[in-house]
1. Of the residues in segment 228-287, how many are over 23 Å from R215 (Cβ atoms) and free of Cβ contacts under 8 Å to residues at least 12 places away in the same chain?
2. When you scan segment 200-219, do you find a residue that is crowded, with 16+ Cβ neighbours inside 10 Å, within 25 Å of T71 (Cβ to Cβ) and free of Cβ contacts under 8 Å to residues at least 40 places away in the same chain, even just one?
3. Given E168, E133, which one is assigned by TED's automatic domain parsing to the domain that holds L67 and closer than 27 Å to S206 by Cβ?
4. For residues that are outside any loop (DSSP other than H, G, I, E, B) and free of Cβ contacts under 8 Å to residues at least 40 places away in the same chain, scanning just segment 181-193, find the one that is nearest to T63 (Cα to Cα).
5. Would segment 256-267 turn up any residue that is outside the structural domain of D184 (by TED's automatic domain parsing) and over 29 Å from A329 (Cα atoms)?
6. Looking at I178, I227, which is the one that is in the same structural domain as M48 (by TED's automatic domain parsing), outside any loop (DSSP other than H, G, I, E, B) and within 24 Å of T71 (Cβ to Cβ)?
7. Count, please, the residues in segment 311-337 that happen to be over 18 Å from G348 (Cβ atoms), among the basic types (K, R), modelled with pLDDT of 85 or more and part of a helix (DSSP H, G or I).
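The values are calculated or read from the model by the stated rules, or taken from the named source; none is laboratory data. This is a predicted model, so every value here is computed, not measured. Cβ placement follows ideal geometry from the backbone for every residue including glycine, while neighbour counts extend to all protein chains displayed.
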Amino acid sequence: MGFQEIGLTPQSEAKIIRLYRALPDDNQTTSFDCSAQERLESYPSEAMRSVLTQVRMAAERQTTILLLGETGSGKDHLARFIHKLSRWASGPYFSLNCAAVSHELAESELFGHERGAFTGAYGRKRGLLELAEDGTLLLNEVGELSLPLQAKLLSFLDTREFTRVGGEKTIRVNSRLITATNRDLEADVESGKFRRDLFYRLNVVSITMPPLRRRREDIPILAREIIDELRKDMQLPGMPEIDPAAMNALMGYSWPGNVRELRNVLERALMSDDKVICASNLCLKHKPDTWSFTISFPTDCSLNDTTRELKASLVKEALRRSGGCRDDAARLLKISRHSLKHYINSLGLKED
């Protein structure tokens, strides 16, 4: 049963919506925990300080924001923080995971539908864009939208108007749209998977959420925040501590799954019912973080050829460890991104 069907006004509907709390992966509105968002500003890493500077500037403007970054890095939390700082902060906040809904249902989720629009449409449904009036809608994994739906989204961004599925009435809304993806949209544009005009329309302001391996200084604060949340969810009697060896293990791990993996690791550790989290509770599968380059001596190659081979091997290893991210690879090698590009080109390397 929809809100309109039980006689609620849009204003009272928005107030009720903000009382809900859904699981992170649900395509629903989430409650807004202001204190949790304020803790973002306490993170000490340079990478996060740089991101928050961009966020504050972008939040004040009405422009569309594109959030980039690896899966599990916290783009949804960043979107909530932008909402809090924006002129739409008093309005509702919604999030739709475009990868979690079928292409057939995505249009109805976004734009709503009229009764009889398709089989199973027994009544009118307001879409998330309409429900987010005077608020914010995050389209997570926007790169998963079908091409026809991309065209309709582009039309909305240009006019701020749309029609429900099966409807004729034009609806105009005032809502903030934030999009997020872990895909390389530029590559998807070149391959025809993503509309070029929509990419340009979304990419007015882009902010990249750094992976956890680039913000290790934040791990002690993050870990304690997550443990406090899990403690409440699991109804544990006290606040578990993390012993120094366990914290060193957390700081030394590469975190391919980012903050989402950190949460899973800590949740598993809390199931032991120990008052102190030890390194053995974490069950981290540390892989040896070593690298070697071997040559025989004397060698048939000249010193210049051997040096060139060594440089090529170092660059390839840095790119492998950084998951292909040139910024991270350059940082590992302690050179600029421009210098890394020069090495890749001059050494004739091809990235996987």
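1. 8
2. Looking through segment 200-219, none of the residues is crowded, with 16+ Cβ neighbours inside 10 Å, within 25 Å of T71 (Cβ to Cβ) and free of Cβ contacts under 8 Å to residues at least 40 places away in the same chain.
3. From the options E168, E133, the qualifying one is E133.
4. Going through the qualifying residues, I end up with E186.
5. Scanning segment 256-267 turns up at least one residue that is outside the structural domain of D184 (by TED's automatic domain parsing) and over 29 Å from A329 (Cα atoms).
6. I178
7. Residues that pass the stated criteria total 1.
Residues checked against (1) part of a helix (DSSP H, G or I); (2) more than 28 Å from S146 (Cα to Cα); (3) within 17 Å of the chain's Cα centre (by Cα); (4) modelled with pLDDT under 90:
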{"position": "S35", "(1), (2), (3), (4)": "yes, yes, no, yes"}
{"position": "E38", "(1), (2), (3), (4)": "yes, yes, no, yes"}
{"position": "V51", "(1), (2), (3), (4)": "yes, yes, yes, no"}
{"position": "R56", "(1), (2), (3), (4)": "yes, yes, no, no"}
{"position": "L66", "(1), (2), (3), (4)": "no, no, yes, no"}
{"position": "G72", "(1), (2), (3), (4)": "no, no, yes, no"}
{"position": "R80", "(1), (2), (3), (4)": "yes, no, yes, no"}
{"position": "A117", "(1), (2), (3), (4)": "no, no, no, yes"}
{"position": "A121", "(1), (2), (3), (4)": "no, no, no, yes"}
